[in-house]
Amino acid sequence: MRNTAFGLFTRKKEILLAKEHLSPRNAQRLRLFDAYRGRGHRNNNLFLVYSVKTDQDWVLPGDRHLVHWIYYLETDPEVKTFDFTSAYERDSDRFWVVDVIRSNGTRINHQIGRGAGEGGEATQLQKDPSSDNASRLENRVFTDEDFEPHVKVSLRWLKPIGFATALRNHEYPHQTLILLDYFKQRKNGDIGQILSNPDVCKYEPALILGLIARLAIRGHIQLDLTVNSFGYRTPWIWSIKEH
């Protein structure tokens with residue numbers, strides 16, 4: 001019994017020491033997770049993600065929220081920006097609401113549900129006196145039936161999103177212009193061809209891959225991740241409509 005107790009004490013001490021040596025960013029993340037779990041979300045997976053579109057971190061409280069964020073928000077070219085609102089936040093996933101601004105300027109609320117009975121392209125939010133304007137917005141409820149077909153593609157997006165996240169707070173305008181000119185001239189190709197281009201290969205591959213992912217998220221190009229993970233053979237196409 002004494003050995004067991006000592007083992008538990010030692011383990012707690014190791015955890016405390018590990019926390020003491022965390023970087024400021026990781027320590028902040030740990031405090032954020034602890035605070036969120038302290039609000040009763042102990043059984044859900046939590047994901048701390050960085051969004052290129054909103055240029056900020058978000059905590060996603062479950063697997064379906066991760067797939068929704070990747071497929072229907074971050075990588076959807078029809079979505080310009082979004083905000084996870086708190087006006088309708090409840091303990092249930094059913095009331096998780098996202099205020100979305102489309103590329104054409106219109107707004108819609110995304111709401112996370114579970115089963116087919118909760119789905120619907122356009123349903124009405126319950127009236128909330130604290131947010132009268134939001135309650136009148138068009139609302140789409142996403143369920144597992146919407147998420148399941150896109151799980152694999154969404155998980156494949158985690159790699160390019162990681163490359164883009166590594167470039168946060170840095171714009172790299174010169175390299176970005178080189179890539180945009182390359183995309184505009186060639187219209188389509190694969191990632192390997194970009195990295196081997198004489199104007200591009202002088203830069204670190206990780207930097208170029210991060211910029212490619214960023215430009216894809218911002219809607220300049222489309223990456224095809226339906227068959228394979230992000231890599232040298234990933235196809236891309238120019239998606240800016242020229243008039």
* Asked: Roughly what would the spin-label model give for Asp181 and Asp63, points 7 Å off Cα along C-beta, in nm?
  -> 4.7 nm
* Using the structure shown, list the pairs from Lys152/Lys184; Lys152/Lys202; Lys53/Lys159 with a Cα-Cα distance above 26 Å, or answer none. => Lys152/Lys184; Lys152/Lys202
* Asked: Once phi is turned into ³J(HN,Hα) by the Karplus curve 6.51 cos²θ - 1.76 cosθ + 1.60 with θ = phi - 60°, what whole-Hz value does each residue of the range 99-109 show in order, with x for glycine and proline?
  -> 8, 10, 10, 6, 5, 8, x, 7, 10, 8, 9
* Whole-Hz Karplus ³J(HN,Hα) for the range 208-213, in order, using 6.51 cos²θ - 1.76 cosθ + 1.60 and θ = phi - 60°, x for Gly and Pro? -> 5, 5, x, 5, 4, 4
* **Using θ = phi - 60° and Karplus 6.51 cos²θ - 1.76 cosθ + 1.60, couplings along the range 215-221 (whole Hz; Gly, Pro as x)** => 5, 5, 5, 7, x, 6, 9
* **Amide H contacts under 5 Å for Gly189, placed H, 5+ residues apart** => Trp236
* To do: Work out how much length Asn104 to His170 would gain on full extension: take 0.36 nm times their residue separation and subtract the Cα-Cα distance, in nm to one decimal.
  => 21.0 nm
* Structure fact -> Relative contact order as a percentage, the range 166-238, C-alpha pairs under 8 Å and 6+ apart, gives 41 percent
* How large is the convex hull of the Cα atoms of the range 137-243 per residue, expressed in Å³ as a whole number? -> 144 Å³
* **Amide hydrogen neighbours beyond the local backbone of Phe142, cut-off 5 Å, H modeled** => Gln111, Ile112, Gly113
* To do: Take the Cβ-Cβ distance between Phe47 and Glu138 as r, set R0 to 41 Å, and report the resulting FRET efficiency rounded to the nearest 0.05.
  => 0.95
* What nm value, rounded to one decimal, do you get for the distance between Ala206 and Gln193 when each label is placed 7 Å out toward the C-beta? -> 2.8 nm
* First measure r as the distance between the Cβ atoms of Val227 and Thr54, then evaluate 1/(1 + (r/R0)^6) with R0 = 30 Å and state the FRET efficiency to the nearest 0.05. => 0.55
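Just so you know, all these numbers are worked out from the coordinates, no wet-lab data involved. All of these numbers come straight from a predicted model, not from anything done at the bench. Backbone-built Cβ (ideal geometry, glycine too); neighbour counts: all protein chains shown.
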